[in-house]
Structure formats: structure tokens, C-alpha cells
């Protein structure tokens, strides 16, 4: 068993341990009532929720396909969709969803795309997604300034500001590294020098050269993306639409338990945007613990305990575990197919 496999197994064990603890604390006071709500739920609405997640993946697939097509003209949409779903597994089992991009690069490299182009594809896809995420955060802030939905969750409101600030900083940093010539060299040298003095980094010069090479590739990829402004805006809109679909799922799950009035579409999108902004910086695979807590606290402004817990469990399954398991199945099938071909 190699080091990466051990790390993956540890991450999965941590994930399920935390998920079990979260479920225990959520269900310990209202287990029977929550189970009754789940058992009596309308399964057609739950199926609709699953379909919405599939549509979310499909729209993300359009983004991946459109960007990759510029580098490989015969790239097929079905390959992009499969990559998006497989990537869900690596997003799910790594802190900050950090495993998704390395797998994208690895998988696209097998499509006979050069490593520099593969890096550009992954970077461009990340940029447009990140911008869409921040724009939805802006929409949520502006909308809530009028609605004032969460007056009782001041701590989480501060965490939202932190999450929004982190995601906005990432965007600003990406563009600064792209357009401020030489800035990335200064930043890399400063960070590596500090880490070297702390004995965290060895072979300082080698690490600096490697990082500068990676940032140069990022530079090229980001500039290429911005050269075609129409395509750039379209990619942001596509990712924006995918996130809207994702953020609507709690509303469909609300309908599945026979409640059609506790919150509306706008409130669902705003609340989900807040939940995801917090979840984006929880340093645990899948944001486990943090996302559930944020969901309970924010949606608790609209729902009672048993309904709230039931919807949270369904929402977590749809938006997280469904992708984890589906991605794992596709990866297993791919590995099996590769073994047979040998």
C-alpha cells in the first residue's frame, strides 16, 4: 500500500467518523420524529433533487468541455461529464476539495493533451468557477441586506464575511499574479524563504524554480482565458447557473416533506450561498461538521428541529455523498476496464 493510498483511506475514515458524530448530535434529541419525516417524504421530490444534482454535474461538464475543446478539438462532452463526476470523489475526500484539480490534470493528460495545456485547462476552469462563487456571494450579501434573514446568528454572519473575504482574496490574487509582471516571483521567493527558515522547506532553490514554472503556466492560462472575453463571460454564466441549481436543492427537499411555505426560492439560494461560503474554508474532507452546522443554524431560521434535521440529512446526501459514491463507482469501473485491456 503506497503513501497516497494510505492518505486516501485515512481521509475517508476521518470523513465517516465526523459524519457519524454529526448525525449522532443532530438525531439524539429528535430521532423518532426525524425518521418519521424521512419515511413519509415524497420520493418523487427526492428523485427530482437527485436529478437537479445530475443537471449541476452536466452544466459543470459543459464548462469543462468548452474550455478543453479550445485545446483539443476532438474532445467529447461525455468525457468532460465523466471527468466532472469522477472529480467529485477527489473533492469529497480531501481537505478544501484540494484533490480535484490534480486528478483533472492527471485524467486530461491521458487524453494526449500536453501538460502545459492540461494545466491551463484546470486553471481556467477553476478561475471561472471561483468568480461565479464570489458573484453568488455578492448576490447573497446584497439580497440579505434588504431581507435581514439571520438576525440570530451573529457568529455565523462573521464567518460568512471571512469565507467571502477568503474567496474574494483568491480571485484578486489570481488576477494580480496574472497581470503584475514579476509579482509571482517576489511572492514565491518570500514564502519559500520564510518556510526555509522554519525548516519546513529543504532545497529552497529547487522548490522556487519549480513553483515559478507552475506560476508561469498559470500566467499563460489565465491570459488565454481573458483574450476571448465572450467565452470568458459565458463560462462564468455557465458556472453561475450550475451553482443556482445546486443552491435550489433545499427548496425541493422542503417540498418533499410536504412543506411549501417555510422558505422560498430566493431565500433558499441566499441561505445556501452562505452555507457554502462557510464550508469552503473548513479544513476537513467535504467540510464535514462545518457544513452541517452552518446548514442547521441558517435554515433553522425557517424550520423546526425534526423537519430541519431531515432536510439536512437529505441535502447532505444529495450534494455530497451522491457525488462521492458515484465518482467512486466510475473510477472503479475505469480501473476495471483498464485492467481488462491489459
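Taken together, the values in this text are just the output of simple stated rules run on the coordinates, not laboratory data. What you see is a predicted model; the values in this text were computed from it and never measured. Counting neighbours? That spans all protein chains shown, and the Cβs are built from the backbone with ideal geometry, glycine included.
Okay, here's what the table says:
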| quantity | calculated |
| --- | --- |
| Ordering of 303-311, 41-49, 160-168 by burial proxy (mean other Cβ atoms within 10 Å per residue, highest first) | 303-311, 160-168, 41-49 |
| Exposure proxy ranking, count of Cβ atoms within 10 Å, fewest first, for 326, 119 | 326, 119 |
| Förster radius 25 Å - calculated FRET efficiency between residue 146 and residue 166 (Cβ-Cβ, nearest 0.05) | 0.50 |
| Most to least packed among 266-273, 229-236 [average Cβ atoms within 10 Å] | 266-273, 229-236 |
